[in-house]
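Structure record follows, encoded as structure tokens.
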Amino acid sequence: MRKRINRKRVLREIVSTMESALSGGQRTDEAQRRVELARRLSMKSRVRIPRNLKHFVCHGCKGALIPGVTATFRIRPRRETHTAATCLRCGHINRRPLRKA
Ligand SMILES: [Zn+2]
């Protein structure tokens, strides 16, 4: 039985699935489906979703965080400067510190 998975290929598939989910315009149900697909693929293959894309998945409901559609993104200067993405489906606030360039 061949169980070796091609991580590079899977990663590319995850990235393209995530990107198509986030650039899908107003079709939130389709975006939702693709994010779920990418997550399932990621877990099954144990290939991580890249950090920059993972930020667009809600920690609360695992839904797609599409700026202005399913989430609001704000940059907050309090404490450490961070982005706060509020999920409009479940209300969870996804915070991520901003790195200095
Ligand atoms: Zn959520």
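Laboratory data are not the source of any read-out in this text; all were calculated from the coordinates shown. Computed from a prediction, not measured in an experiment: that's the story for all the values here. No Cβ is skipped: glycine too gets one built from the backbone with ideal geometry, and neighbour counts run over all protein chains shown.
Structure values in brief
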{"read-out": "Net charge dipole size for the range 57-101 [Lys, Arg +1 and Asp, Glu -1 on Cβ; Debye, nearest 20]", "value": "200"}
{"read-out": "Charged-residue dipole, Cβ positions (Lys, Arg, Asp, Glu), the chain about Cα centre, Debye nearest 20", "value": "720"}
{"read-out": "Part-to-part distance (alpha-carbon centres) for the range 68-85 and the range 21-64, which is given in Å", "value": "19"}
{"read-out": "Kirkwood estimate for the chain, i.e. one over the average of 1/r between Cα atoms, Å", "value": "14.4"}
{"read-out": "In the chain, lysine pairs with alpha-carbon atoms under 22 angstrom apart (chain gap of 8 or more, or interchain)", "value": "7"}
{"read-out": "Nearest 10 degrees, 0 to 90: helix 7-22 Cα axis against the chain principal axis", "value": "40"}
{"read-out": "Most positive-pole-ward Cα, 77, 41, 23, against dipole of the chain from beta carbon charges", "value": "41"}
{"read-out": "Mean separation of Cα contacts under 8 Å, 6 or more apart, over the residue count of the range 58-101: relative contact order %", "value": "33"}
{"read-out": "Helix 28-45 axis, angle to the chain major axis (alpha carbon atoms, nearest 10°)", "value": "50"}
